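The values are calculated or read from the model by the stated rules, or taken from the named source; none is laboratory data. None of the values given here were measured: they were computed from a predicted structure. Here Cβ is always computed from backbone atoms with ideal geometry, including for glycine, and neighbour counts include all displayed protein chains.
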Amino acid sequence: DQQVKQNSPSLSVQEGRISILNCDYTNSMFDYFLWYKKYPAEGPTFLISISSIKDKNEDGRFTVFLNKSAKHLSLHIVPSQPGDSAVYFCAASEGGGGADGLTFGKGTHLIIQP
Amino acid sequence: ETGVTQTPRHLVMGMTNKKSLKCEQHLGHNAMYWYKQSAKKPLELMFVYSLEERVENNSVPSRFSPECPNSSHLFLHLHTLQPEDSALYLCASSQGGQGVNSPLHFGNGTRLTVT
């Protein structure tokens, strides 16, 4: 039973436009959410996070939105650039994160077209 | 350059072999993790070590045996694996502890193939 779901295995977006990646979760105890980016042959790298006490966090071109009532979060990338082409993983943890580890979604492969 | 280094990058082993995966972190973190990534599946948490003590096992088969000699090093000892154990094994570290929102920092993984 997947607790973190990314229902779109892939997404294609034109360069310069907005990319929106979605993630749903089922565990209401999750209180810390993260997005990771992964290039082929590399490990995932941390991109941006949000605590459940907030509904938005922004870092440059990347913004994460959290809707706790819908148990939904999204990652917005604007404007999209060719280097953003990668697999994006949504992850969540409960109890404030820390040493408990993270629960990951299956990932969405984002393709930025020139 | 990643602060978490994993060796080897690729490993091919037979089902009767014994091998070990190594992970080293240079970030001063106090928690280390092993994750498994199989094709078309989410990353699965295998083991967590916090302050060099194992805190989670997640029902991993005994053919996988972790070792954490100090806060900077983590090993995964492998023996009598099955072909379905072929996957990407990722090591990660974080500044752990309850109430601490600390992202995981991953190594580049070991691509394991069991023949």
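Key figures for this structure:
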{"read-out": "Count - residues of the range A:1-31 that are assigned to a strand (DSSP E or B) and under 20 Å from A:I77 (Cα atoms)", "value": "12"}
{"read-out": "Flag for A:K106 being facing chain B (nearest Cβ under 10 Å) and either part of a loop (DSSP other than H, G, I, E, B) or of a type in the set (K, R) (or both)", "value": "yes"}
{"read-out": "Qualifying residue in the range A:90-102 (condition: hydroxyl-bearing (S, T, Y), under 12 Å from the mean Cα position of the chain (by Cα) and assigned to a strand (DSSP E or B))", "value": "no"}
{"read-out": "Complete set of residues in the range A:33-44 that are part of a strand (DSSP E or B) and either on the phi > 0 side of the Ramachandran plot or out of contact with any helix residue (DSSP H, G or I) (no Cβ under 9 Å at 6 or more places or on another chain) (or both)", "value": "A:F33, A:L34, A:W35, A:Y36, A:K38"}
{"read-out": "Residue in the range A:49-83 that is farthest from the chain's Cα centre (by Cα), counting only those that are modelled with pLDDT under 95 and in a strand (DSSP E or B)", "value": "A:S51"}
{"read-out": "Check on A:C23, facing chain B (nearest Cβ under 10 Å) and either among the small types (G, A, S) or in contact (Cβ under 8 Å) with a residue 12 or more places away in the chain (or both)", "value": "no"}
{"read-out": "Within the range B:1-52, tally of residues that are under 16 Å from B:D85 (Cβ atoms), of a type outside the set (A, V, I, L, M, F, W, C), surrounded by 15 or more Cβ atoms within 10 Å (Cβ to Cβ) and facing another protein chain (nearest Cβ under 10 Å)", "value": "3"}
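Here's the yes/no breakdown for (1) within 18 Å of B:L104 (Cα to Cα); (2) among the small types (G, A, S); (3) at pLDDT below 95:
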position	(1), (2), (3)
A:D1	no, no, yes
A:N7	no, no, yes
A:Q14	no, no, no
A:S19	no, yes, no
A:N22	no, no, no
A:Y25	no, no, no
A:F33	yes, no, yes
A:K37	yes, no, no
